[in-house]
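Data first, discussion second: the structure below is written as structure tokens.
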Amino acid sequence: MIRKTAADTTLIYTKIVEHYAQLFERPEARLRFLNNTLARQTALQQQLCHSLRRFAFIQHTRLYQWLLEMRLYYLIFEELKRLQPTLSEQHQQSLQQIKVPFQVRLVSLCYQLRYAFYGVGIALAGVALIGLYLTVSWSMQRINEYLARRYQQSPQPASFPGQNTAIAGTKIDFLPDYRPEKVWLVEKKSNYEYYSNGGQILTDYTTDNRPRAYYPLLRGAERAEARLSDKIVGIVYHTSENHMVPFTAANNHSIKTRTQYLLEYVQENKSYNYVVDRVGKIYRIVRDEHAANHAGHSIWADQRHVYVGLNDSFLGVCFESSSRSLGEPLTEAQLIAGRALTAILRSRYHIDDANCVTHGLVSVNPSNMMIAYHYDWVRNFPFQAMGLSDKYQVAPASISEFGFTYDEETLHKLGGATWPGVALAEEEFKSRAVRLNLSPEELRRRLRELYRQQYELTRKLRQETSLAPEQAQVASETALAQRAAESGANGK
């Protein structure tokens, strides 16, 4: 290759091109080759100068001159290759004998493979990004595990006396001295109640429904029972499942309008005892001493009793939220308000932690004896934030006490798996069958018949709630005796 000096580069490039132009016999062919090659080299040089306009100093370096020279040779051989068919046989042989400088061959090869290099570069960048993502994810997981060990305490298992089922109770580190009876009513006005823990209940939407009346069933009972009670023993938490909009300041009007519609709907249908809206306001709907239509076909149990149909025995608390439309089930304001309301209700009615549960865990379908007919809060309810133990670890009485089960459709609805307490209930059911020397099928048949008896008593009681308590008690005892007589006549 010709080394450049301070001489005019155009003259040098012209001499280089003229050297190869001698391969053409006809003058017009030489001139065409010369003009085409030099024109393309000039255009390239102008383009490179424009690209390097902010780094003009590079144009005075040997690297810049070398790049132009390599590109010139590339243009020469590209033009010769294009015009090769017009050369004589002798000149074609001379062209093949020309020794191409190694740098020119290398630059030419790199240019021809540039798209392959681009693809490899993109692939390497993608691999690098994936590696970075995995590294960050792994690091964050390790950090979360460390923080969990550092600041959280593992759940401490507990169990009810006389039961085989382990009931997992979470010790709430941030409520070491929590006692529901510490909460009391501070002020009561025509449209609100204010409590010592800061909770405020708005009463503008309060309405009547029907007096509470239900039959608690002793755990392990072999036949239905009709001992009337109207005591509030628990809380069932629900989601409203109305349409949500993103919780942002820009949606203030829409959020308020949707809450208004929800409150009017709940009041009209007497759906819940309480509603907690998205900004943390607590509304009483159906008054406490009346049953709301919130739990439908449902089963739950505490240490002593099993409850069938929780409308009358449990308060219904609904959070304005949806388990399907938004990634954030509850707002921070709802967490604070829900915790305050839970403490108020537990204090007022001496509600045990064991009876604070979600709708998805208590809902059943009597027509096919399946659990989780409704599945709001079947996962992810913030029990600890409410000052409660984790009920997802508790064996549901629907399975252990009445032989309910689930199928593939149920699992699909639940996202492919049940909550941990279901496995505990199944183990308890099997142990009970062994203890009674019964096959699982026979035990399931007996327990389901017990449920049907208790359910029938509960259904009839709904029709008798307009009677005085003494009359209702007599009517229920009569119905129970009649049911027992019918069972005896059928040999059951």
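The values are calculated or read from the model by the stated rules, or taken from the named source; none is laboratory data. Please read these numbers as outputs of a predicted model, since none were measured by experiment. No Cβ is skipped: glycine too gets one built from the backbone with ideal geometry, and neighbour counts run over all protein chains shown. Accessible surface is based on the protein model in full, side chains and every heavy atom, while ligands, DNA and RNA are left aside. Shrake-Rupley method; radii C 1.70, N 1.55, O 1.52, S 1.80 Å.
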Of all residues in segment 110-158 being touching a helix residue (DSSP H, G or I) at 6+ places or on another chain (Cβ under 8 Å) and among the hydrophobic types (A, V, I, L, M, F, W, C), the one that is modelled with the highest pLDDT: Phe117
Qualifying residue in segment 338-345 (condition: open to solvent by 10 Å² or more (accessible area, probe 1.4 Å) and of a type in the set (D, E, K, R)): yes
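Looking for something open to solvent by 60 Å² or more (accessible area, probe 1.4 Å) and small (Gly, Ala, Ser) - is there at least one such residue anywhere in segment 231-251?
Yes, some residue in segment 231-251 is open to solvent by 60 Å² or more (accessible area, probe 1.4 Å) and small (Gly, Ala, Ser).
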Strands (runs of 3 or more DSSP E) enclosed by segment 295-374 - at least 2 residues per element that are β-branched (Val, Ile, Thr): 305-308, 356-358
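I need the full set of residues from segment 197-229 which are hydrophobic (A, V, I, L, M, F, W, C) and open to solvent by less than 30 Å² (accessible area, probe 1.4 Å), in order please. Show your work before the answer.
Within segment 197-229, the first condition is being hydrophobic (A, V, I, L, M, F, W, C), and the residues that meet it are 201-202, 213, 217-218, 221, 224, 226, 228.
Selection gives Ile201, Ala213, Leu217, Ala221, Ala224, Ala226.
Suppose the filter is charged (D, E, K, R) and in a strand (DSSP E or B); does Glu193 pass it?
Details: charged (D, E, K, R): yes; in a strand (DSSP E or B): yes.
When the stated conditions are applied, Glu193 passes them.
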Members of segment 318-331 found to be at pLDDT below 95 and of a type outside the set (Gly, Ala, Ser), listed by number: Arg324, Leu326, Glu328, Pro329, Leu330, Thr331
Residue within segment 379-387 that is without any contact (Cβ under 8 Å) to a residue 40 or more places away in the chain and either on the phi > 0 side of the Ramachandran plot or open to solvent by 10 Å² or more (accessible area, probe 1.4 Å) (or both) present: no
Residue check for Ile351: of a type outside the set (Ser, Thr, Tyr) and over 24 Å from the mean Cα position of the chain (by Cα): yes
Of the criteria (1) open to solvent by less than 30 Å² (accessible area, probe 1.4 Å); (2) within 30 Å of Ala337 (Cα to Cα); (3) out of contact with any Cys (no Cβ under 6 Å at 6 or more places or on another chain), which one Leu447 fails: (2)
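So, Val279, is that one modelled with pLDDT of 95 or more, more than 21 Å from Tyr392 (Cα to Cα), open to solvent by 30 Å² or more (accessible area, probe 1.4 Å) and of a type in the set (A, V, I, L, M) or not?
Yes, satisfied.
Here's the yes/no breakdown for (1) touching a His at 6+ places or on another chain (Cβ under 8 Å); (2) surrounded by 18 or more Cβ atoms within 10 Å (Cβ to Cβ); (3) in contact (Cβ under 8 Å) with a residue 60 or more places away in the chain:
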| site | (1), (2), (3) |
| --- | --- |
| Tyr261 | no, no, no |
| Tyr265 | no, no, no |
| Arg284 | no, yes, yes |
| Arg287 | no, no, yes |
| Ala291 | no, yes, yes |
| Trp300 | no, yes, yes |
Among residues of segment 382-420, those that are touching a Lys or Arg at 6+ places or on another chain (Cβ under 7 Å) and of a type in the set (Gly, Ala, Ser), counted: 3
Selection within segment 351-368 - open to solvent by 30 Å² or more (accessible area, probe 1.4 Å) and hydroxyl-bearing (Ser, Thr, Tyr): Ser367
